[in-house]
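The values are calculated or read from the model by the stated rules, or taken from the named source; none is laboratory data. This is a predicted model, so every value here is computed, not measured. Methodologically, a virtual Cβ is constructed for each residue, glycine included, from the backbone with ideal geometry; neighbour enumeration extends over all protein chains shown. Please note that ligands, DNA and RNA were not included when accessible areas were found on the heavy atoms of the full protein model with its side chains. Shrake-Rupley method; radii C 1.70, N 1.55, O 1.52, S 1.80 Å.
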Amino acid sequence: MKPVVKLDVAIVGGGIAGLWLLARLRERGYGAVLVESQQLGSGQTLCAQGIIHGGAKYSLHGSLSASAQAIAGMPTLWRRCLSGAGEVDLREARLLAEHQYLWATQAPTSRIAAFFASKLMQSRMEKVAADLPIVLQHPQFRGAVYRLDEPIIDVASVLAALAHRYRDALLFSPEPVIPAVDGSITLHHPDQSPLTLFPACLVFTAGAGNAKLPWAAQQLRPLHMVMARGANLPGPLYAHCLGASDTPRLTVTSHDDAQGRLIWFLGGGLAETGVQRNREEQIQFARQELTALLPWVNWNAVQLATFIVERAEAQQPGGVRPASFSLRREGRMITAWPTKLALAPLLAEQLEEQVRTLDVQPHPVDWCALAHWPRPDIAVSPWDRAELAWS
Ligand SMILES: Cc1cc2nc3c(=O)[nH]c(=O)nc-3n(C[C@H](O)[C@H](O)[C@H](O)COP(=O)(O)OP(=O)(O)OC[C@H]3O[C@@H](n4cnc5c(N)ncnc54)[C@H](O)[C@@H]3O)c2cc1C
């Protein structure tokens, strides 16, 4: 007979949504585990730029949208967790920067005016003249610069902090987990006999893997991200550059690779429109954009690499970006998408509410029955992936 372990909640998928939910439920005494079929963060999470948005991106059309309201409290919530005073203990995680900057080109089409039409943004940004990021201190720089209340976290260190704290509850099953009709899931591993988990509630936070569930209609929106490295990079930069559209023309964050080299990670409009371009075209376009925006840097001496990644979200009419996180319940199974890494805490709060609605009470788990099961590793950050071609 196959061993069966009873649980309060089994979570499938070890990105930020699943790990945050696991932490929240465990802190409240629930017998919860998380099952990952590859490596923690291997979907979208380790590809994220780590910006804890405070609503800026969502206010570019000038009104206080539902998305901006949902996300406005996130910088404070994450800072509390990083200081050890929040609902999840992230003291082992790293803050990369306290603020994201925003700079506007002088083009008449720049969306900066829309920011000032938004009451929310007026209270969350300040114009800065001194202490500019190094690259914007150049005498040729002519734009206006604002400081936004948007901290940037080191995503890998957040995953490591959560994985370290709840390691006993992390289970590796190299075959993607599919639920049985009775709500159980069976884990397989070449070195182990199959193990069946029988949770009172099953939560799928599997990103693109949520598509395996017939009721979980989802949409995928790709990004063609660019990374830059080389001695010519003019110091770290955390900034959105505003152009003419609702999406920043360029969003830059800065990271260290495994060898301690500075990486600029480039998203925003460059990555959204970049899905129409192949790798060579995207590299050429990125060099042109960087040269147009920061012409005093020798971009020909900087190496670039790209990769494409899909954002997985609950399906929306017309495929538009969802206003906030989403969840769908089918009996005792719930499927969830945070939409933004920054929103994982709000999603976890709502999921816990759903667990309570299902009348699941906290119970102890037979941890001995799980002690021998293999644990998932943490995935590698995009700029450290061996298969990348830099040019
Ligand atoms: C390029 C990029 C930049 C971004 N930047 C930001 C940002 O700066 N700020 C922000 O707030 N948000 C950002 N986001 C959005 C954010 O990354 C995502 O909303 C978030 O990471 C989604 O997390 P998740 O846990 O739902 O899914 P994922 O991170 O995709 O994790 C899903 C996990 O489930 C596992 N899995 C899949 N199927 C199965 C199965 N059947 N069985 C077991 N395991 C399974 C996968 O291996 C994976 O580890 C960005 C997204 C992208 C793509």
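For Glu126 and Asp257 in one chain, what is 0.36 nm times their gap in residues minus the Cα-Cα distance, to one decimal in nm?
44.0 nm
Based on the Cβ-Cβ distance from His164 to Asn232, what FRET efficiency comes out when R0 is 56 Å, to the nearest 0.05?
0.95
Taking only protein heavy atoms into account and a 1.4 Å probe, give the accessible area per residue of the chain in Å².
The answer is 42 Å² per residue.
At 222 nm, what helix-only mean residue ellipticity would the chain give, in deg cm²/dmol to the nearest 500, using -39500 (n - 2.57) for each DSSP H run of four or more?
It comes out at -6000 deg cm²/dmol, rounded to the nearest 500.
Among 359-366, 226-233, 92-99, how do they line up from the highest to the lowest mean number of other beta-carbon atoms within 10 Å?
Answer by packing, highest mean first, reads 226-233, 92-99, 359-366.
I want to verify the translational diffusion coefficient of segment 299-387 in µm²/s; compute it with Stokes-Einstein, Rh as the Kirkwood radius over Cα pairs, at 20 °C and 1.002 mPa s.
For the chosen part, D equals 123 µm²/s.
Glu353 versus Ser83, label points 7 Å from Cα toward the beta carbon: distance in nm?
For the pair Glu353/Ser83, the computed spacing is 2.6 nm.
Give a quick list of GluC sites (Glu not before Pro) in segment 339-391 that DSSP marks as loop, anything other than H, G, I, E or B, with at most 16 other Cβ atoms within 10 Å.
Of the GluC sites (Glu not before Pro), the ones in loops of segment 339-391 whose Cβ has at most 16 other Cβ atoms within 10 Å are Glu387.
Looking only at the chain, where both bridge partners belong to it, what percent of the DSSP beta bridges are antiparallel (to the nearest 5)?
Counting only bridges with both partners in the chain, antiparallel ones make up about 65 percent.
Hey, for a label at Gln69 modelled as a point 7 Å past Cα toward Cβ, could you say which residues of segment 296-333 have their backbone N under 15 Å away?
From segment 296-333, the list is 323-325.
Order 148-154, 324-330, 257-263 from most to least packed using the mean count of other Cβ atoms within 10 Å.
Ranking the peptides 148-154, 324-330, 257-263 by packing returns 148-154, 324-330, 257-263.
Run the quick spin-label model on Glu175 and Arg287: label points 7 Å from Cα toward the beta carbon, then report their separation in nm to one decimal.
Placing both labels 7 Å beyond Cα along the Cβ direction yields 4.8 nm.
For His363 and Phe141, what is the calculated FRET efficiency with R₀ set at 51 Å and r taken between the beta-carbons, to the nearest 0.05?
Taking R0 as 51 Å, the efficiency between His363 and Phe141 is 0.30.
In sequence order, what are the phi-derived ³J(HN,Hα) couplings for segment 158-169 according to the Karplus relation 6.51 cos²θ - 1.76 cosθ + 1.60 with θ = phi - 60°, rounded to whole Hz, with x for glycine and proline?
5, 4, 5, 5, 5, 5, 5, 5, 10, 4, 4, 9
Ignoring ligands, DNA and RNA, what percent of the accessible area of segment 4-384 is carbon or sulfur (1.4 Å)?
So the carbon and sulfur contribution to the accessible surface is 50 percent.
I'd like the Karplus ³J(HN,Hα) series for segment 225-233: coefficients 6.51, -1.76, 1.60, θ = phi - 60°, whole numbers in Hz, and an x wherever there's a Gly or Pro.
Whole-Hz 3J(HN,Hα) from phi for segment 225-233: 7, 10, 10, 10, 8, x, 4, 7, 5.
Rounded, prolate or oblate: which fits segment 264-318 when a ≥ b ≥ c are the square roots of the eigenvalues of the alpha-carbon gyration tensor, with rounded for a/c under 1.5 and prolate only if a/b beats b/c?
Since a/c reaches 1.5 and a/b is larger than b/c, the shape of segment 264-318 is classed as prolate.
Beyond 16 Å, how much of the Cα-Cα pair distribution for segment 309-356 remains, as a whole percent?
Looking at segment 309-356, the distances longer than 16 Å represent 40 percent of pairs.
Report, in degrees rounded to the nearest 10, the 0 to 90 angle that the Cα long axis of helix 279-293 makes with the longest principal axis of the chain.
50 degrees
What FRET efficiency, computed as 1/(1 + (r/R0)^6) with R0 = 45 Å and r the Cβ-Cβ distance, is obtained for Arg28 and Ala386, rounded to the nearest 0.05?
0.65
In whole Å, what is the distance between the alpha-carbon centres of segment 138-191 and segment 255-307?
24 Å
Do any chymotrypsin sites (Phe, Trp or Tyr not before Pro) in segment 151-220 lie in a DSSP loop with no more than 15 other beta carbon atoms within 10 Å, and if so, which?
Hits after loop and neighbour filter: Trp215.
In bins 20 Å wide, starting from 0, what share of all Cα pairs of segment 4-384 does each bin hold, as a percent?
28, 55, 16, 0
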